[in-house]
């Protein structure tokens, strides 16, 4: 276990170092535009040194330090991603288990994938139209720090969270469906039945831990799906979060801010990969030991 954990930690450290290099490369883009390749390389080294000293530069749009700009917006994105993750689990877990363990329902899996492949942007626009034209909601932007009643909170958070949650649910169900499909076809199940174990006991003691381990091993991909959907939802529903800040920073060539957001989001994804891999390995070892 310790050897596996150390290897995963080494992968995490290597990934963070790569994100650090990429952030410096993005921040140095203006140097290349003005001074060519030699100027770009010199700017890259200078930005790497500055980032290592936690100096992320300033925003060319707001004139604020990039770290301050991100600190204002990151909690908004984390709030949205957390709500979307809850929706994703509520929708994705039962769907993934049903499609992965039910032989008759597996035929419906391609149809689910076709629906899940619909662009998140289209889903967000559809929900926005439904809320305003059918429900009569006036969907406003996220109001940070203001006291809202329950209805206002629902109108403000529900649609972006559903948009993010739908994308997350697609990733969750796909991960669980693949893991469950592999477990259901495992040859040891027949041997355990011949030994006298019942179906419920096999599923509880052997199948369930392996399915959960398979889900955890894809935790980084699910996290990436949630944050990617958050960028779309924040744009459509006018949320001042860090995900849409990344998109706008690239569009406005605000490279210092874009580099910092990229570094933070990459770190979150890599941390999710690490936690998921270690947790899945520990759960699989516990199942084997049992």
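With the requirement that a residue be more than 13 Å from residue 90 (Cβ to Cβ) and crowded, with 24+ Cβ neighbours inside 10 Å, what does region 165-174 give you?
Of the residues in region 165-174, the ones more than 13 Å from residue 90 (Cβ to Cβ) are 167, 170-171, 174.
Correct list: 167, 170.
Is region 222-236 home to any residue that is within 22 Å of residue 183 (Cα to Cα), in a helix (DSSP H, G or I) and under 17 Å from the mean Cα position of the chain (by Cα)?
The first filter runs over region 222-236 and keeps only residues within 22 Å of residue 183 (Cα to Cα), leaving 222.
Adding the requirement that they be in a helix (DSSP H, G or I) leaves 222.
The next check asks that each one be under 17 Å from the mean Cα position of the chain (by Cα); those that pass are 222.
Yes, there is a match, as at least one residue in region 222-236 is within 22 Å of residue 183 (Cα to Cα), in a helix (DSSP H, G or I) and under 17 Å from the mean Cα position of the chain (by Cα).
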Report yes if residue 249 is in a helix (DSSP H, G or I), in contact with a helix residue (DSSP H, G or I) (Cβ under 8 Å, 6 or more places away or on another chain), over 21 Å from residue 174 (Cα atoms) and in contact (Cβ under 8 Å) with a residue 12 or more places away in the chain, otherwise no. yes
Of all residues in region 29-70 being free of Cβ contacts under 8 Å to residues at least 60 places away in the same chain and not in a helix (DSSP H, G or I), the one that is surrounded by the most Cβ atoms within 10 Å (Cβ to Cβ): 65
Candidates 263, 252, filtered to the one that is surrounded by fewer than 20 Cβ atoms within 10 Å (Cβ to Cβ) and either under 21 Å from residue 30 (Cβ atoms) or modelled with pLDDT of 90 or more (or both): 252
When restricted to 278, 257, the only residue in a helix (DSSP H, G or I), over 24 Å from residue 168 (Cα atoms), modelled with pLDDT of 90 or more and in contact with a helix residue (DSSP H, G or I) (Cβ under 8 Å, 6 or more places away or on another chain) is 257
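Tell me the residue from 229, 233, 258 that is under 18 Å from residue 71 (Cβ atoms) and crowded, with 23+ Cβ neighbours inside 10 Å, please. Talk me through it step by step, then tell me what you get.
Details: 229 fails: under 18 Å from residue 71 (Cβ atoms); 233 fails: under 18 Å from residue 71 (Cβ atoms).
Exactly one residue qualifies, and that residue is 258.
The values are calculated or read from the model by the stated rules, or taken from the named source; none is laboratory data. All figures in this text were calculated on a predicted structure; none of them were measured in a lab. Cβ: placed from backbone, ideal geometry, glycine included. Neighbour counts: every protein chain shown.
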